[in-house]
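One structure is given here, and the rest of the page talks about it.
The values are calculated or read from the model by the stated rules, or taken from the named source; none is laboratory data. It should be emphasised that the depicted structure is a prediction, and the values quoted were computed from it without experimental measurement. Virtual Cβ from ideal backbone geometry, glycine too; neighbours counted across all protein chains shown. Side chains are part of the model used for accessible areas, which takes the heavy atoms of the whole protein and leaves out ligands, DNA and RNA. Shrake-Rupley method; radii C 1.70, N 1.55, O 1.52, S 1.80 Å.
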Amino acid sequence: AAQDANFFYGSRQDNEHTHGPTTLGTIEGGTTVIVRGRRSGGAWQTRERIMGALVHECSHILVKDYGELPATGTNAASFDRYRDEFRAYFVEPHGNFEGITDPTARATAIKDHLVGTSSTAVSSYPELHAAYWAAPLATNTFHQQVDGHTRPDGFNLANSPRLDRLVSLLREQRAGRAGVEDTIFQISVLSAAERQEAAGATLIATLLGRVAAPDADRIRRALTSPAAVGYGREMNPNDSPRVTAFLSAVAAKAPDEIVSTYRACNPQDRADLHFNEHVLSWIGATLPNELLMRTCVMCMITGRSFVYFDRVRVFAQACSAAAGASEMPEALRSALRDLSLDVRMGYYRFCEDAYRVHVEPLQEPVRRQVRAILRGDAEP
Ligand SMILES: [Zn+2]
């Protein structure tokens, strides 16, 4: 058997870091995760196992960073360490406990793996094993704590980069490197479940206790609902109730309401939304899989008129209808003519994925003509 396992950092094997022969993955320097590519027997790890190991190690990094289990780094026989390992295995999508989906059965299997099923069993976690089986069991607090621990705990069990960013921003806000509006914007891109988790989390409550009280209050309200603070100043600089209504309609994915609330916006509201980077990235995060609706919304705020929501939809349909045509159909040309130059260029610039789906499949020379018109190089 091999004496060592060698790892490398990054995507090129031009560096080497040596570990013991059984190391499958670990963390170096606090934030660098290394994962074994080949097992000691020579077999390659599957992609799924590599992914599972990354999720496992990522959980450890977050636990350490959030500081919720402080003894995990200082005492290998502590309950904090047990909770840290338990959580890392529990959240792994692939790995040793793959297929054990019933949470109670999964918890038991992980416990057995960490502390063994008898005092003589061999565990990969000898300190946890020894502490768990230390006699007399009747007065062994650690033993009781482990038996009572059946679900993972702590903040951000899903390893969400969005929730992690929220933690960073609250810290940066305290240090004066970020403002309350950066945090409010981040909250607006969280899913409803993530907002709920953050609103109830001890870690977030602690961090909020360290920022100015009025800011903390505003953040708490945003966690309840981003609409409660008008989606924040980055997206709604004038705190317009009409912009709030429009953004709420987009969040609800309700097309008729999207159009009617945008129509109710005044010129200042439309100017605030126009070419607003935060709004554009928020729309991308809010409508990730709703390609057509997202394209219509983006083009409507680029064109600054409600009429473009429907006209962009008509354009998309005209593209589909033009499949296989070797000459530009009149319906497609007229759909393009109904879009302003701003909207055509906005479509070309901000809606790449829509372009791939609607325009790319067209036959030459139709595709070339549509492209030139969208880019403003030709008249429709
Ligand atoms: Zn671990």
- request: Please state which of the following conditions ASN238 fails to meet, knowing it meets all the rest: (1) open to solvent by less than 30 Å² (accessible area, probe 1.4 Å); (2) within 27 Å of ILE301 (Cα to Cα).
  value: (1)
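Quick one: in segment 58-77, of everything that is hydroxyl-bearing (Ser, Thr, Tyr) and in contact (Cβ under 8 Å) with a residue 12 or more places away in the chain, which residue is nearest to the ligand (Cβ to nearest atom)? Give the steps one after another, and end with the answer.
Narrowing segment 58-77 to residues hydroxyl-bearing (Ser, Thr, Tyr): 59, 66, 72, 74.
With the extra rule that they be in contact (Cβ under 8 Å) with a residue 12 or more places away in the chain, the set shrinks to 59, 66, 72.
Numbers: SER59: 8, TYR66: 16, THR72: 10 Å.
Out of the qualifying residues, it is SER59.
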message: What's the number of the only condition in (1) under 19 Å from GLU98 (Cβ atoms); (2) out of contact with any Gly (no Cβ under 7 Å at 6 or more places or on another chain) that PHE7 fails to meet?
response: (1)
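Residues that are part of a loop (DSSP other than H, G, I, E, B), within 16 Å of the ligand (Cβ to nearest atom) and open to solvent by 20 Å² or more (accessible area, probe 1.4 Å): does segment 125-137 have at least one?
Yes: one or more hits.
Yes or no: ASP310 open to solvent by 60 Å² or more (accessible area, probe 1.4 Å) and assigned to a loop (DSSP other than H, G, I, E, B)?
Values: open to solvent by 60 Å² or more (accessible area, probe 1.4 Å): yes; assigned to a loop (DSSP other than H, G, I, E, B): no.
Here the answer is no, as ASP310 does not meet what is asked.
Considering only segment 264-287, I want to know if a residue exists there that is more than 22 Å from ASP182 (Cα to Cα), open to solvent by less than 10 Å² (accessible area, probe 1.4 Å) and of a type outside the set (Phe, Trp, Tyr). It would help to see each step written out before you state the result.
Residues of segment 264-287 more than 22 Å from ASP182 (Cα to Cα): 264-268.
Filter once more, keeping what is open to solvent by less than 10 Å² (accessible area, probe 1.4 Å): 265.
Narrowing further to those that are of a type outside the set (Phe, Trp, Tyr): 265.
The answer is yes; a qualifying residue exists.
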query: What helices (runs of 4 or more DSSP H) completely inside segment 196-283 contain at least 3 residues that are β-branched (Val, Ile, Thr) and more than 25 Å from LEU170 (Cβ to Cβ)?
result: 255-263
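Does segment 112-122 contain at least one residue that is out of contact with any strand residue (DSSP E or B) (no Cβ under 8 Å at 6 or more places or on another chain) and within 13 Å of the ligand (Cβ to nearest atom)? Before you say what the answer is, go through the steps one by one.
If we filter segment 112-122 for residues that are out of contact with any strand residue (DSSP E or B) (no Cβ under 8 Å at 6 or more places or on another chain), which is where we start, we get 112-122.
From the residues that got through so far, the ones that are within 13 Å of the ligand (Cβ to nearest atom) too are 113-114.
Yes, some residue in segment 112-122 is out of contact with any strand residue (DSSP E or B) (no Cβ under 8 Å at 6 or more places or on another chain) and within 13 Å of the ligand (Cβ to nearest atom).
Residue under question is GLY95, and the condition is that it be more than 12 Å from the ligand (Cβ to nearest atom) and not aromatic (Phe, Trp, Tyr); does it hold? Even if it seems obvious, please write down each step before you answer.
Values: more than 12 Å from the ligand (Cβ to nearest atom): no; not aromatic (Phe, Trp, Tyr): yes.
Taking the combined requirement at face value, the residue does not satisfy it.
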message: Give me the residue from segment 3-57 that is away from the ligand (no atom under 16 Å from the Cβ) and among the hydroxyl-bearing types (Ser, Thr, Tyr) and, out of that set, surrounded by the fewest Cβ atoms within 10 Å (Cβ to Cβ).
response: SER11
Test: LEU190 is aliphatic (A, V, I, L, M) and not in a loop (DSSP other than H, G, I, E, B): no
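Condition check: open to solvent by 40 Å² or more (accessible area, probe 1.4 Å) and closer than 20 Å to LEU24 by Cβ. Does ASP102 satisfy that?
no
Condition first: open to solvent by less than 30 Å² (accessible area, probe 1.4 Å), at pLDDT below 95 and assigned by TED's automatic domain parsing to the domain that holds ARG47. Can you find one or more residues in segment 73-89 that meet it?
no
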query: Which ones in segment 340-380 are among the small types (Gly, Ala, Ser) and surrounded by fewer than 20 Cβ atoms within 10 Å (Cβ to Cβ)?
result: SER340, ALA372, GLY376, ALA378
